[in-house]
Amino acid sequence: MVTNRLSAGICGILFGGLGIHKFLAGFPGAGVTMLLVSVGGVACMFCTFGVSLFATWAMGLIGLIEGILYLAKSDEQFYYDYVLEKRSWF
């Protein structure tokens, strides 16, 4: 699978909490995890008096950091880390 570092990085910055950048980078398991935690945090917001929104905020922050890391790497380093080594987080 050919992964586009630029599109994954931009999606990480803009839609990081939803895990879209994980799907683009070829890590569907991590993408589903981020999506479920984010949606679950919003869905449980009223039951937990807003405490569960911390999980949604955390997923957004992780996505932002990963998006910046994706864009900061060279194409060769991105390919090595995420395609060859299959590093799914950071």
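The values are calculated or read from the model by the stated rules, or taken from the named source; none is laboratory data. Just so you know, these numbers come straight off a predicted model, no measurement behind them. Methodologically, a virtual Cβ is constructed for each residue, glycine included, from the backbone with ideal geometry; neighbour enumeration extends over all protein chains shown.
Summary of computed values
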{"read-out": "Single residue of segment 9-42 satisfying the filter (farther than 16 Å from GLY60 by Cβ and of a type in the set (A, V, I, L, M)) that is modelled with the highest pLDDT", "value": "VAL32"}
{"read-out": "Selection count, segment 1-38, where residues are surrounded by fewer than 22 Cβ atoms within 10 Å (Cβ to Cβ), in contact (Cβ under 8 Å) with a residue 12 or more places away in the chain and either part of a helix (DSSP H, G or I) or in contact with a strand residue (DSSP E or B) (Cβ under 7 Å, 6 or more places away or on another chain) (or both)", "value": "16"}
{"read-out": "Residues (surrounded by 15 or more Cβ atoms within 10 Å (Cβ to Cβ) and among the hydroxyl-bearing types (Ser, Thr, Tyr)) located in segment 39-71", "value": "SER52, THR56, TYR70"}
{"read-out": "Number of positions in segment 72-90 that are loosely packed, with under 14 Cβ neighbours inside 10 Å and within 12 Å of LEU6 (Cα to Cα)", "value": "3"}
{"read-out": "TYR80 vs. criteria out of contact with any helix residue (DSSP H, G or I) (no Cβ under 9 Å at 6 or more places or on another chain) and part of a helix (DSSP H, G or I)", "value": "yes"}
{"read-out": "Residues (of a type in the set (D, E, K, R) and free of Cβ contacts under 8 Å to residues at least 40 places away in the same chain) located in segment 45-85", "value": "GLU76, ASP81, GLU85"}
{"read-out": "Verdict on ALA55 being out of contact with any strand residue (DSSP E or B) (no Cβ under 8 Å at 6 or more places or on another chain), assigned to a helix (DSSP H, G or I) and farther than 16 Å from LEU71 by Cα", "value": "yes"}
